[in-house]
Each structure stands twice: as structure tokens, then as C-alpha cells.
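Below is one structure, written out as C-alpha cells, with a few remarks after it.
The values are calculated or read from the model by the stated rules, or taken from the named source; none is laboratory data. Owing to the predicted nature of the structure, the values given are computational and were not obtained by experimental measurement. All Cβ positions, even for glycine, are placed from backbone atoms using ideal geometry, and neighbour counts span all protein chains on display. Note: areas computed on protein heavy atoms with side chains; ligands, DNA, RNA excluded. Shrake-Rupley method; radii C 1.70, N 1.55, O 1.52, S 1.80 Å.
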Amino acid sequence: MTTFLLDAVGESIALPSPVPMSMSLDQALKRRSSTRAFLPDGLSLAALSALLWAACGVNREQQGGRTAPSAHNWKEIDVYAVLAAGTYRYEPRTHRLFLIRVGDLRAHTGLQDFVATAPLNLVYVADLGRMAEVDAQDRPFLAGADAGCIAQNVYLHCAAAGLATVVRAMIDRKQLAQALGLPATHRIALAQTVGHAKP
């Protein structure tokens, strides 16, 4: 079970370096699938580290490039990891988790029953304030496309790592935004549940 020795909002924990995966892209694509039945078993810190790096971690240090593309290089999507012990924001540049909320907010991350007991729910939050030089009406569409790229990275990583996942849009966005304390310029794009599949 993943546990963190953090109890104050704003504290952070450094994630271990992600371990490279050996599965080929073809194999991962063949295994990619959606699952909606999860064991409650938590992920190790190493597994969480590898997952978040695959989602949108830095893969080109000098340029600050990431594993997922971003329209106009805005990097407007923040990834929140919602666990039983608390909610954390992933910081790709430093590969760290920052504590946002203490306590279990998993049930707020979606309308399906399984989200409340699955070990991890990722929430993809768009900071519309980072999306300059584009019509306001286009921002949600572009943010959704960027979140979708991150979600597919997670799908492929889970296929390679033997984990189960499903991306979700059935979310009470207003309630979840309040639970996370998001400012008005932030919008929830998608959520994605990750864990071990029930046999």
C-alpha cells in the first residue's frame, strides 16, 4: 500500500527514478484495455513514480519536454493523484508530489461506485490561464485533447506494467473542484482510475 509521511498541505515528496519498461509498443497496444473492477490493493511508490512519469513526466531535460504533447506547449494540464490518504499534485519538472488535501477524496472523483475503493484516481485539471492567444471557446476542446494524450500514455504504461485502468468523463466537476479547492480558472477535463484488476 502506498503511504506518504506527509500531513501538511504544501509538503512534497520526491519520487524515485522511474524504472524503464521492457515491453514493446506493439505488445502494449495489443494489451491496452479498460477495466472497471479493481482490487483495493495500493500501488508501491516505485509503481506510482513510473506511472506519473509515463503520464506527463519530463523526457528531455534540456528542453523540459514531456512524454505527452501539449497544444502550443502550454503544459496546461496538471495531474492530481487521489489516494486513500490524501490528494497530491504531480510536478513533472522536479518529479515530486505536493500534498493538496489530507483525507480520502476518491469518492468525489466520479459517479461510478468503483472509484471510491480503487487505490488511485488520477484527475486531469486544465489551467485555462496558461492557454494564451486562443479563443476562450476553444480552450476546453484543446485541454481535452491534451488530457486525452496523457490518458493514453497511462493506458499504455498500465498495459506494460500489468496494471488496470479506465479513463472517465462521468464526474461531478463542480463538486470535485470544490473538494480540491481549485481556483476559477481551472477546469477538470477527465479522470482515470488505476489499480490491479479483480480476477
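Results, tabulated for the structure shown:
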| item | result |
| --- | --- |
| Residue count, the range 169-199 (criterion: of a type in the set (K, R) and either out of contact with any Lys or Arg (no Cβ under 9 Å at 6 or more places or on another chain) or at pLDDT below 95 (or both)) | 2 |
| Some residue of the range 107-125 being modelled with pLDDT of 95 or more, of a type in the set (A, V, I, L, M), part of a helix (DSSP H, G or I) and crowded, with 17+ Cβ neighbours inside 10 Å | yes |
| The lone exception for G129 - which of (1) among the small types (G, A, S); (2) in a helix (DSSP H, G or I); (3) modelled with pLDDT of 95 or more it fails | (3) |
| Residues located in the range 90-106, provided they are open to solvent by 50 Å² or more (accessible area, probe 1.4 Å) and acidic (D, E) | D104 |
| Hits in the range 61-89 (condition: of a type in the set (D, E, K, R), in contact with a strand residue (DSSP E or B) (Cβ under 8 Å, 6 or more places away or on another chain) and either surrounded by fewer than 16 Cβ atoms within 10 Å (Cβ to Cβ) or over 16 Å from V125 (Cα atoms) (or both)) | R66 |
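This table checks each residue for (1) closer than 16 Å to A159 by Cα; (2) under 16 Å from the mean Cα position of the chain (by Cα); (3) touching a residue at least 12 places away in the same chain (Cβ under 8 Å).
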| residue | (1), (2), (3) |
| --- | --- |
| M21 | yes, no, yes |
| A28 | yes, no, yes |
| G42 | no, yes, yes |
| A50 | yes, yes, yes |
| N59 | no, no, no |
| R66 | no, yes, yes |
| H72 | no, no, yes |
| A81 | no, yes, yes |
